[in-house]
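Asker: So that we are looking at the same thing, I have put the structure below in structure tokens.
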Amino acid sequence: MTIASVASVSVSGPSWSGDFLRTLHAPASGEGEMRGDAWLRVEQGRADAPRADEIIVNDVMFAVDDVAVAHGRAVRAGAADLAPPHWDVVSTPAGERPVRMARVGGIGHVTHTFVEHDAAAGDAAFDGAHGLDHLALCLPCGTMGATVARYEAGFGLHVTQTEHIQTRSLGMINTVLQNASGSVKLVLSAPTASSQRTQLHRFVDVHGGAGIQHLALRVPALLAHSLALKRHEVNFAGSMPEVFDAMLARIGHCPVPRDAALALGIMADRDTDGLLLQSFLAPSRTAEPVFFFELIERQGARGFGAANIRALFEAVERVQGAVVAVGEPQGQPATV
């Protein structure tokens, strides 16, 4: 059994979320516009959704060549059997059509639907989520090994990268899982046992366990896309100047002007294959959102910006150290 692609991602959220998602996909015509948005589906909130005041990812649909085989493999590996193979009607860009599908449990409340994809017949309805770079899964501390093993055994994915990011008081483990072609990328993150509180801890607390923390959308021109979104009053997480300057010292050059990068939260990273640019935005009207989107422009790079996470951790530690130095109580949680 081979997972061919992510066919769709189903989300739910408040009444404003549908308009937000449409704006996110196509804020302007031209080079800042991503291809297609049929893969991102907005549905009614589920009863088991962790919260109703922000966007929540409920289901990730995988296109496979044989639904029965995919379903059987996942269930044998321990996934909950939520819907055995059956025929149903789904909406596609070309209209409604009958498909063979099944559904199993994933992590937390997130489920995985398998849909049969006949690549040999030129089936373009489920040919992949254009514009989706990767999905980021947030896990409780100590569950990385078991989760990776489940996705390897049950879904045929394999580990391509493992990174341990550790500073004096903050730490996390990142593991990247991909399918054979690299068209499906899951980035799993979990805090280390010795880490002070980070955004990973808060996500797990709010969700009552594991879940999808963010969706990374690939854009051909990050600055143009971000500026267009800014005109639609989309809020970006700005960069800390010291983190941006540390990035420049590390990679030597960022193609985005410093003032624009700081305002839009654009960071850069480099690996042996090239450069990547990334920024983050929170589609929520809550004071402390836990779900967000990443925008990413790849100029050859295959990584996920781990060096920027380390720099952010180090900056948070410096801020915490300065607070302690002026007599504030110790042990304040980090907000990374």
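The values are calculated or read from the model by the stated rules, or taken from the named source; none is laboratory data. It should be emphasised that the depicted structure is a prediction, and the values quoted were computed from it without experimental measurement. So basically every Cβ, Gly included, is an ideal-geometry build from the backbone, and we count neighbours across all protein chains shown.
Asker: Give just the number: which of (1) closer than 20 Å to Arg218 by Cα; (2) in a loop (DSSP other than H, G, I, E, B); (3) touching a helix residue (DSSP H, G or I) at 6+ places or on another chain (Cβ under 6 Å) does Pro140 not satisfy?
Answerer: Of everything listed in (1) closer than 20 Å to Arg218 by Cα; (2) in a loop (DSSP other than H, G, I, E, B); (3) touching a helix residue (DSSP H, G or I) at 6+ places or on another chain (Cβ under 6 Å), Pro140 misses just condition (1).
Asker: How about the stretch 256-299: which of its residues are under 19 Å from the mean Cα position of the chain (by Cα), of a type in the set (D, E, K, R), at pLDDT 85 or above and closer than 19 Å to Leu312 by Cα?
Answerer: Listed by number, the residues that qualify are Asp269, Glu294.
Asker: Got a sec? Which of Ser169, Ser195 is over 24 Å from Trp39 (Cβ atoms) and in contact with an Asp or Glu (Cβ under 7 Å, 6 or more places away or on another chain)?
Answerer: Exactly one residue qualifies, and that residue is Ser169.
Asker: If you take the residues of the stretch 150-173 that are outside any strand (DSSP E or B) and among the hydroxyl-bearing types (Ser, Thr, Tyr), which of them is surrounded by the most Cβ atoms within 10 Å (Cβ to Cβ)? Give the derivation first.
Answerer: So in the stretch 150-173, the residues outside any strand (DSSP E or B) come out as 150-157, 167-170.
Cutting the leftovers down to among the hydroxyl-bearing types (Ser, Thr, Tyr) gives us 151, 167, 169.
Numbers: Tyr151: 23, Thr167: 17, Ser169: 14.
For the stretch 150-173, the residue satisfying everything is Tyr151.
Asker: Within the stretch 136-148, which residues are under 19 Å from Ala79 (Cβ atoms), surrounded by 13 or more Cβ atoms within 10 Å (Cβ to Cβ), out of contact with any Gly (no Cβ under 8 Å at 6 or more places or on another chain) and hydrophobic (A, V, I, L, M, F, W, C)?
Answerer: Hits for the stretch 136-148 are Leu139, Met144, Val148.
Asker: Can I ask one more? Starting from the stretch 1-24, keep only residues that are crowded, with 17+ Cβ neighbours inside 10 Å, then list their pairs with residues that are aromatic (Phe, Trp, Tyr) whose Cβ atoms are within a distance under 6 Å, requiring at least 6 positions of separation or different chains.
Answerer: Once the first residue is crowded, with 17+ Cβ neighbours inside 10 Å and sits in the stretch 1-24, its partners that are aromatic (Phe, Trp, Tyr) give Ile3/Phe62; Ala7/Phe126; Ser8/Trp39.
Asker: Report, by residue number, each residue of the stretch 217-256 that is among the small types (Gly, Ala, Ser) and in a loop (DSSP other than H, G, I, E, B).
Answerer: Listed by number, the residues that qualify are Ala221, Ala237, Gly238, Ser239, Gly252.
Asker: Across the stretch 180-198, what is the number of residues that are crowded, with 20+ Cβ neighbours inside 10 Å and either within 18 Å of the chain's Cα centre (by Cα) or among the basic types (Lys, Arg) (or both)?
Answerer: Selection size over the stretch 180-198: 9.
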